[in-house]
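Here's the structure, in C-alpha cells; my notes come after.
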Amino acid sequence: MTKIDSKIPEGPVAEKWTNYKAHQKLVNPANKRRLDIIVVGTGLAGASAAASLGEMGFRVFNFCIQDSPRRAHSIAAQGGINAAKNYQNDGDSVYRLFYDTVKGGDYRAREANVYRLAEVSNNIIDQCVAQGVPFAREYGGLLDNRSFGGAQVSRTFYARGQTGQQLLLGAYSALSREVQRGNVKLYTRYEMLDVVLIKDNEGVERARGIIARNLVTGKIERFAAHAVVIGTGGYGNTYFLSTNAMASNGSAAMQVYRKGAYFANPCFAQIHPTCIPVHGDKQSKLTLMSESLRNDGRIWVPKKLEDAKALQAGTKKPTDIPDADRDFYLERRYPAFGNLVPRDVASRAAKERCDAGFGVNNTGLAVFLDFKYAIDRLGEDVVRARYGNLFDMYEEITDENPYKTPMMIFPAIHYTMGGIWVDYELMTSIKGLYAIGEANFSDHGANRLGASALMQGLADGYFVLPYTIQNYLADQITVPRFSTDLPEFAEAEKAVQAKIDKFMSIQGKESVDSIHKKLGHVMWEYVGMGRTAEGLKKGIAELKEIRKEFETNLFIPGSKEGMNVELDKAIRLYDFITMGELVAYDALNRNESCGGHFREEYQTEEGEAKRDDENFFYVACWEYQGDDEKAPVLHKEPLVYEAIKVQTRNYKS
C-alpha cells in the first residue's frame, strides 16, 4: 500500500512548529522576485495568503469568481474567531485551545497541525487589530470575548454578528495594498477549470499552472507559475440546500483530485444546529443563525407530545407553554456544557427530539431558540447590542419578532471538515500544489468547533503557508518561468474545451437546478445527518443515475461564448455529483460514528457517536482512478497522538 508521508517534524508537539521554522529552507529577496505563485480564491485563506506572499516579494496571481474579493463567502461568517489570549483570565491557554479542538473533532484530526493552529491563533488577533478590524470591546476598551460550543472558556473574538465581513475587509485591504504595489495581479470573474502538471527533469509531475475561464467573455485562458495554491472553500453545496453562498463550489478541489491529489475524509461534513428551517420546495439556500446566539439563547421543545402537536397545528403559541412544560434538552442531557455543546452533538439532539415527534413548526422539523430568559436577565438593550443584526435578519426572513417569540431553528449542512489531503507543509500529494483553509482537511477532524474556520483560514494564509512554501520554492529558484505554449497547457485547455462542448451539446430537457435539487435530496436522505450501510449503497446507486441524467438530459441555454451562468453552474454540478459519490464511498467505508459522521449502526445506548479507534484511527485518503464512474482507491495515513489521550468525548460532566 502507498505510504503517506505527512512530514510531521520530530520533537514534542509544542516545539514542532518552532523547530520547523528554525530549520526550513528560505528564499532570499532577490530570488523571490523570480518566482511566481498562483493563488486561487480570495476568501480569508486565499486573500491573506496572496497578500502575505506578495508582501514578501513573490509575484502572485490571485483569482476569484466574484466581481470583487470582498464577495468571497468568508464574508458570511457571523459569530467570531477563536484565539488563546486568555484575556478573561478564565483558564484558557494554547494547550487548552489545542485540546478542545482535537476533542471537538472527535480525535480524528492530526495532532501536530492542530497544535500549530492554536499556537498561531494569538498572532491572528494582533494582525487583525493592527489592520483596524473593529472587534467588540468591553467598557474599558479591552477586547471582549464570548463563548462558543465545545469550550468552557470565553476565547471567541467578535465584531457583533459580522466577524467574517470585518476580517475579510482587513485581508482585502492588505491584498489591495499589494495589488497597488504591483506584487499581486488580481483576476476577478475568473474560474479555475483545471490544474496543469509538468514533469521535471527527473520525471516528477509538479503543479505549474492552471486553466481558467473568464466568466464575462467565456474565453479559456492559460496561466503559469512555479507553485499553485488552492483556497476555494468547501463542498457543502453538494447538498444543494446549505448555508453556503450559491456560487460556493468544490470544483477546484475536484479538478486537482482528478489530476492525482488525494482527497481526505470527505464524509466529515458538518451539520450546523442553528439554521432557519426549510420553508418550502422552492428554496435555493438556507440561512445560518450564528452559534454565538447559543451564549444567551436557550434551546427547548415541549415536554408534552400534545403541546408539540398543537404547535405544529398552529393552535398554540410557544408563549402559551409554561416553563415547567419546556424541555431544555441540551441542558438536561449535557449539564457541563448545556447549550454550548459542539455542533454535531447539538444537531443530533435536535434531530432526535424531532424524530420523536416534538418538533415545533408545521413540518415538525424545528426546535426553539429562546431569548426570553436573556432579556429578563440582561435587558433587551443588551441583547440588541450583542445580536441586533442577527435578530433583524431573522425577522426579515421569517416575519417573526425574536425579541417577543422564540426563534425556530433546525440543523443544516454548513461546513466540510474533509478536503484535499495536505501534509504538515500544506502541500498536497502533487508537488508544488498547496491547499489552504476549508479546501484542505488538516485541522478539524470529524467536527469543527465554532469560530475555528476563520482561525484556520487566516492561520494558513498569514502565518503557515508563507513559511512552508519557501521550503519548496528554495529548490525552484533556478527554474525559469514557464511558457503557456507548452504542450501540457495546450492539452489541458483542449480537455476543458471538450468538456464544455460536450455539456453544451446534450440539449436535453432538465435545467441545472432541477438536477442539482435531485442530487441534494439524495445526499440529505442517504448521506446526511444519519447514515446506514443500506442507505449509503442505495445513495451511491442513485447518484450514478443522476450522473446519467446529467449526461443525457441536461439543458444549458445560450452558448459557450460570453457570459453564461447556467454553463458555469453545469460545470460545478458535474463536479458535485462526483463529490457526492466520494462522500458516500467514504461514509460507507468508515464503519464507526465520529463527529459529523453518524452511522446509525454504531451508537451507544444513549444515542451518542460510537468510535472504533482500533480500526479507523486514520485519515482516509482517496485516490482517483482515471474515470468518474470508477470507485476511488483508499490509502490510509495513521494518526499518531503523543500529547493527548484518545478517549470517548464527554460533554456531560
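The values are calculated or read from the model by the stated rules, or taken from the named source; none is laboratory data. Predicted model, so just to flag it, every value in this text is computed and none were measured. Positions of Cβ are backbone-derived with ideal geometry, glycine not excepted, and every protein chain shown enters the neighbour counts. Accessible surface is based on the protein model in full, side chains and every heavy atom, while ligands, DNA and RNA are left aside. Shrake-Rupley method; radii C 1.70, N 1.55, O 1.52, S 1.80 Å.
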Determine which lysines satisfy two conditions relative to residue 309: a Cα distance under 25 Å, and not lying fewer than 8 residues away in the same chain.
-> 317, 351, 372, 404
Please give the peptides 91-103, 630-642, 220-232 ranked by average Cβ packing (other Cβ atoms within 10 Å per residue), highest first, as a rough proxy for protection.
-> 220-232, 91-103, 630-642
Once normalised by the length of the chain, the mean sequence separation of its alpha carbon contacts under 8 Å that are 6 or more apart gives a contact order in percent of 21
Checked against a 29 Å limit on the C-alpha separation, the offending pairs among 7/499; 21/636; 103/282 are 7/499; 103/282
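Using the Kyte-Doolittle scale, find the helices of the chain whose mean hydropathy is at least 0.0 and whose Cα atoms extend 24 Å or more along the helix's long axis, counting only whole DSSP H runs. Could you put the intermediate results ahead of the total?
Details: long enough: 111-131 (30 Å, -0.06); 163-181 (28 Å, -0.23); 487-506 (29 Å, -0.19); 533-553 (29 Å, -0.93); 565-589 (36 Å, 0.38).
Long hydrophobic helices here: 565-589.
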Sequence-distant aspartates and glutamates (8 or more away, or on other chains) whose Cα lies within less than 12 Å of residue 3 | 637
Could you give log10 I(q)/I(0) at q = 0.24, 0.25 Å⁻¹ for the range 221-303, computed by the Debye formula over C-alpha point scatterers of equal weight, without solvent?
-> -1.26, -1.31
Once both labels are modelled 7 Å past Cα along the beta-carbon direction, what's the residue 26-residue 431 spacing in nm?
-> 2.5
Report, in debye and to the nearest 20, how large the dipole of the range 25-128 comes out about its Cα centre when Lys and Arg carry +1 and Asp and Glu carry -1 on their Cβ.
-> 460
Hey, which aspartates and glutamates would be in cross-link range of residue 560, C-alpha to C-alpha under 16 Å, not counting anything within fewer than 8 residues on its own chain?
-> 191, 221, 493, 501, 568
Along the charge dipole of the range 362-500, Cβ charges K/R +1 and D/E -1, which of 477, 421, 375 sits furthest on the positive end?
-> 421
Using alpha-carbon positions, the gyration tensor of the range 265-420 gives root eigenvalues a ≥ b ≥ c; with a/c under 1.5 called rounded, otherwise prolate if a/b exceeds b/c, else oblate, the class is rounded
Rounded to the nearest 20 debye, dipole of the chain from Cβ charges on Lys, Arg, Asp, Glu | 880
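With a ≥ b ≥ c taken as the square roots of the eigenvalues of the C-alpha gyration tensor of the range 450-560, please select rounded if a/c is under 1.5 and otherwise prolate if a/b is larger than b/c or oblate if it is not?
Oblate shape, in that a/c is at least 1.5 and b/c is the bigger or equal ratio.
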Check: C-alpha center the range 221-286 vs C-alpha center the range 510-535, spacing in Å is 15
Distance between modelled label sites at residue 497 and residue 139, nm, 7 Å Cα→Cβ extension | 6.9
Of every hundred units of 1.4 Å-probe accessible area on the chain, the number belonging to carbon and sulfur atoms, as a percent, is 49
Per residue accessible area in Å² of the chain, where ligands, DNA and RNA are left out and the probe is 1.4 Å | 37
